[in-house]
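Notes to accompany the following structure.
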Amino acid sequence: MRQGGKGVALRIELGKKRSAQEAKSIVDELYRRVRDRWEVKVNQTAFMQQLVAGKLPLKVLQTFFRNWGAYTIEINTLTACTYHKNLTFFKVHRDLMGPMGEKIADEFIHPKPPGHFLVMLQTAKAFGLTEEEVFSTPMLSEFRAKIDFMRGIVYEGTAAEWYASVTTEEQIGHWSAVCYEALTAHYGFDREKATYFATHVEADLGEHEEGVMGHASFNRTALQRLLESGMADERPTYGLEYCAMTSVDLHGVMLRAAMEEAQRS
């Protein structure tokens, strides 16, 4: 990978152990690049600009959330699969097995089994969507592209590439806060109706539910440990930065696709 703007090299070499400080610098630099790209590819999209201003049509929001809801069901189960896929890493870093278990459990038992998708359905209902629509309507191809990209990283990629691709979980926490504020300010939503977004601000960005580590903090820690222990690896034409930036870009593509689909229908 190319040299970072702050002079931090992001090229990864399997077996090369980094000091805690060096590993943290690499992770921090990757997250900085993700944050900068998110600003351009997501925050500055027509979708988000109109949403923040209260001018995004309800039809666009319904189209987006019907597809996003279906996406969240799949990404949560895919995250659970990474525990087995990356079990060698967790056997070495056994202190992370507890937080990993809590992270997965958080998705599937909060607020009650089967988990977060109940929160998603509560907000879907507020958008005027039915459970059947969310579960049975095929995803737009752009949403399918994101989940299939993530699936490819899990089953064909490396642990480091996976934790690079989920650097976006931190930004999704901030994005959820923006969505929550817009929906409650302009669209007549309250805390109960916008619960999906409120829940993900809490789950992604901070410690919650009696000490469960914030999802973004866990992802940072796992990637740093991979670098410290020499277990981080990346494939030619993929790698940490590519996976992180593609994850950002595809989020923006999903927003655009929702607008285009709503305008066509």
Exercise for the section: Please calculate the 1.4 Å probe accessible area of Ser247, with all protein chains present, and give it to the nearest 10 Å². Expected result: 0 Å²
Practice task
With springs connecting C-alpha atoms under 10 Å apart, model the chain as a Gaussian network and identify which of Tyr31, Tyr196, Tyr238 has the largest mean-square fluctuation.
Solution key: Tyr238
Handout entry: Simple Cβ-charge dipole of segment 129-265, Lys/Arg +1 and Asp/Glu -1, about Cα centre, in debye nearest 20
Key = 300 debye
Problem - Rounded to the nearest 20 debye, dipole of the chain from Cβ charges on Lys, Arg, Asp, Glu - result: 600 debye
Exercise for the section: Among the lysines, select those whose C-alpha is under 18 Å from the C-alpha of Lys193, and discard any that sit fewer than 8 residues away in the same chain. Expected result: Lys59, Lys112, Lys125
Problem - Taking only Cα atoms of the chain, radius of gyration then Dmax in Å - result: 18.3, 54
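If you average the sequence gap of Cα pairs under 8 Å that are 6 or more apart and divide by the length of the chain, what percent do you get for the contact order?
With pairs under 8 Å counted, the relative contact order is 35 percent.
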Handout entry: Convex hull volume per residue for segment 111-235, taking Cα atoms only, in Å³
Key = 136 Å³
Handout entry: 25 °C / 0.890 mPa s Stokes-Einstein diffusion coefficient of segment 48-90, Kirkwood radius on C-alpha pairs, µm²/s
Key = 193 µm²/s
Fill in the blank from the handout: Connecting every pair of Cα atoms under 10 Å apart in the chain and solving the GNM, the largest mean-square fluctuation among Glu39, Glu142, Glu169 falls on Glu39
Practice task
Write down, largest first, the equivalent ellipsoid semi-axes of segment 13-158 in whole Å, where each equals the square root of 5 times an eigenvalue of the alpha-carbon gyration tensor.
Solution key: 32, 22, 14
Exercise for the section: Show Phe64, Phe108, Phe135 ordered by accessible area, largest first, where the area counts protein heavy atoms only and the probe is 1.4 Å. Expected result: Phe135, Phe108, Phe64
Exercise for the section: Using a 1.4 angstrom probe on the protein heavy atoms only, line up Thr77, Thr195, Thr88 by accessible area, largest first. Expected result: Thr88, Thr77, Thr195
Fill in the blank from the handout: Cross-link reach from Lys16 to lysines, straight Cα distance under 24 Å and at least 8 residues apart if same chain, gives Lys6, Lys24, Lys85, Lys91
Handout entry: Cα-based helix-to-principal-axis angle, 20-38 vs the chain, degrees rounded to 10
Key = 30 degrees
Handout entry: Span from the segment 141-186 Cα centroid across to the segment 74-92 one, whole angstrom
Key = 16 Å
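The values are calculated or read from the model by the stated rules, or taken from the named source; none is laboratory data. Owing to the predicted nature of the structure, the values given are computational and were not obtained by experimental measurement. A quick note on method: Cβ atoms are made from the backbone with ideal geometry, for glycine too, and the neighbour counts reach across all protein chains shown. Quick note on the areas: whole protein, heavy atoms, side chains included, nothing else; ligands and nucleic acids left out. Shrake-Rupley method; radii C 1.70, N 1.55, O 1.52, S 1.80 Å.
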